Amino acid sequence: MMEKESRRLVNCATLPICLVLIGLVYATFFHSNDTILESWGNLSSEKINIDAVDPQEFLLRRLVRGDDRVQLDSNGFSCRADVHTQVCVANKPVRIYNKGLTVYVPSDSDQPQVKRIVKPYARLEDETAMKRVSPVQILHGNNTIDPPACNFTHNVTAVVFSSKGFTGNVFHEFNEIIIPLFITTRHFRSRVRFVITDFELWWVQKYNRCLSHLSAYEVINPGTDDGSVHCFPGAVIGLTYHDNLSLNSTDIPGGYSMFDFKQFLKESYNLKINHVSEIQKPMLMLISRRKTRRFLNEDKMVEMIMELGFQITRVEPEWMYNLDEFAEVVNSCSVMLGAHGAGLTNEIFLPTGAVMVQVVPLQNEWAATTYYGGPAKEMGVRYLEYKIEPEESSLFDTYGKDHPVFTDPKSIISKGYYAFRSVYLDQDLKINLERFKKTLIEAKKIVESSTPIN
């Protein structure tokens, strides 16, 4: 008894010492200027005093690395460009002049004013898309003439991007704007304000739920040409792009992945179904096209799909305009089926474990895999494809089996995109039902055996 009591007394006596030791250990290992956030990607061995940095400035700093980060630290402004996009970051007060889309970025030094032209849309490699995007002029440095006075002063970072380019096509809307916008701004936790050039009201309304979950503020339309000047504590002009319908988690502040982006969509659109196993009877969505790559025997396909035990919902392009409702419909489906085309982008709303079946027209194999098949895996969606035979294409009746369209497709492709498009993107499809049935049976087996992984 005395021995036990003695041990208790020793424990009580050493408690203050233990607390001191814990404090020393904490100070040694955790009181570091190089926080988890700051060490994102192990981009720099430098230390930064977080307490001395403005939160917005810190968040802007996380968008750049290497020499760009050094440049941002030294003069408050840096720009980078790759084959897809241009992105400029300013971590000091800027003025955005609506008239002429001009951004004034001051300099602390005597640096003369330098003019940059940026087109804030993530498809720099495509001349056709970029012709539709208005340039933003950035004036960085000091000028003998003072910039225009502020009419409106904001206390959050401005993010400037275009809603033009190839909008009107859901693939490009997600690929070049929504996903890059998530990559660029998610870590700001809604403390940004969007300045949308080439302002398209229909597009803003269509994606209002995404925009309002990334920013707590109303968007600004600088196209009013009213001559007003908006002042911000910092700005990002342009959006970061990674790959087709993809996010590279090692290259994003916060390390967000496609899983995080899908979770963001669930929250934005209030999607209820997490895993395909939650759907009682397999539901198949058939994307019905009306202009090109049509299913010429679609009614027969529907009959076979129902005979295999699927419920079916047949959707046409106009259904997709109201994304608030359409996202929920997609989320309730076990299988999405469609010919290669933009409508397959909606696989992004499918629950985990669902199947996307892409019917691949002749000479569309690369695009089918690159744009939809490859990204499906990162979305947690199983991908199946059905490659048609020449006899299943309308080109077979139009040209005959001995035409270069079949015997020498490179001779057509070598003439350029528009020659390729007029032939291989404009074909229609008459599916061999017996051959196609095997793909549908496989899809059904996958969704019926799929179980969530904790």
Only Cα pairs under 8 Å and at least 6 apart count here; give the relative contact order of segment 335-397 as a rounded whole percent. 36
Amide H neighbours of LEU124 at under 5 Å, excluding residues fewer than 5 places away on the same chain, with H built from the backbone geometry, are THR85
Arranged from highest to lowest average of other beta-carbon atoms within 10 Å per residue, in what order do the peptides 210-220, 332-342 appear? 332-342, 210-220
Where trypsin sites (Lys or Arg not before Pro) fall in DSSP loop in segment 405-451, at most 12 other Cβ within 10 Å: LYS415
Dividing the convex hull volume of the alpha carbon atoms of segment 54-196 by its residue count, what do you get in Å³ per residue? 122
Anything over 18 Å Cα to Cα? Flag those among LYS401/LYS437; LYS206/LYS266; LYS206/LYS377; LYS281/LYS445; LYS387/LYS445, in the order listed. LYS401/LYS437; LYS206/LYS377; LYS387/LYS445
Between LYS415 and GLN71, what is the label-to-label distance in nm when each label sits 7 Å out along the Cα-to-Cβ direction? 4.4
With -39,500 (n - 2.57) per DSSP H segment of 4 or more residues and division by the full residue count of the chain, the 222 nm estimate, nearest 500 deg cm²/dmol, is -9000 deg cm²/dmol
Output wanted: per-residue J couplings in Hz (rounded whole) for segment 326-336, from phi through Karplus 6.51 cos²θ - 1.76 cosθ + 1.60, θ = phi - 60°, x for Gly and Pro. 5, 4, 5, 5, 4, 5, 8, 9, 8, 9, 10
ASP67 accessible area, 1.4 Å probe, all protein chains in place, Å² to nearest 10: 130
Cβ under 11 Å from CYS88's Cβ, CYS88 left aside: what net charge do those residues give with Lys, Arg +1 and Asp, Glu -1? +1
For a quick check: with amide H placed at 1.01 Å from N, whose amide H comes under 5 Å from THR157's, ignoring anything fewer than 5 positions away on the same chain? ARG193
Using Cα pairs under 8 angstrom and six or more residues apart, how large is the relative contact order of segment 338-454, in percent? 28
Just how much of LEU308 is accessible, in Å², when a 1.4 Å probe is used and the result is rounded to the nearest 10? 40
Two pseudo-spin positions, 7 Å from Cα along C-beta at VAL83 and at THR250, lie apart in nanometres by 1.9
Gap separating the Cα centres of segment 104-155 and segment 255-333, nearest whole Å: 42
Return the sequence-ordered ³J(HN,Hα) values of segment 394-404 in whole Hz as given by the Karplus equation 6.51 cos²θ - 1.76 cosθ + 1.60 applied to θ = phi - 60°, using x for Gly and Pro. 5, 5, 5, 6, 6, 10, x, 5, 9, 6, x
Calculated FRET value between ARG435 and ASN274, using beta carbons and R₀ = 35 Å, to 0.05: 0.55
Above 34 Å lies some portion of the pair distances; for the chain, what is it as a whole percent of all C-alpha pairs? 46
With only Lys, Arg, Asp and Glu charged, each at its Cβ (+1 for the first two, -1 for the last two), find how big the charge dipole of the chain is about the Cα centre; round to the nearest 20 debye. 280
How large is ³J(HN,Hα) for each residue in segment 59-74, as worked out from phi by the Karplus curve 6.51 cos²θ - 1.76 cosθ + 1.60 (θ = phi - 60°), to whole Hz, x for Gly and Pro? 5, 5, 4, 6, 7, 10, 8, x, 4, 5, 5, 4, 5, 4, 5, 7
When only Cα pairs under 8 Å and 6 or more residues apart are kept, what is the percent relative contact order across the chain? 13
Using a Förster radius of 35 Å, what is the FRET efficiency between LYS401 and GLN311 based on their Cβ-Cβ separation? Nearest 0.05, please. 0.35
Exactly which GluC sites (Glu not before Pro) in segment 74-183 are in a DSSP loop and have at most 15 other Cβ atoms within 10 Å? GLU125
Efficiency by 1/(1 + (r/R0)^6): what FRET value for GLN113 and LYS387, r their Cβ-Cβ distance, R0 = 45 Å, to the nearest 0.05? 0.20
LYS387's amide H: which non-local residues (gap 5+, or another chain) put their own amide H closer than 5 Å, with H modeled 1.01 Å from N in plane and none for Pro or chain starts? VAL360
Reduced to Cα centres, the span from segment 70-89 to segment 376-418 in Å works out to 41
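The values are calculated or read from the model by the stated rules, or taken from the named source; none is laboratory data. In this text the structure is predicted, and so the values were computed from the model without any measurement. Cβ: placed from backbone, ideal geometry, glycine included. Neighbour counts: every protein chain shown. Remember, those area values only see protein heavy atoms, side chains included, never the ligands or the DNA or RNA. Shrake-Rupley method; radii C 1.70, N 1.55, O 1.52, S 1.80 Å.
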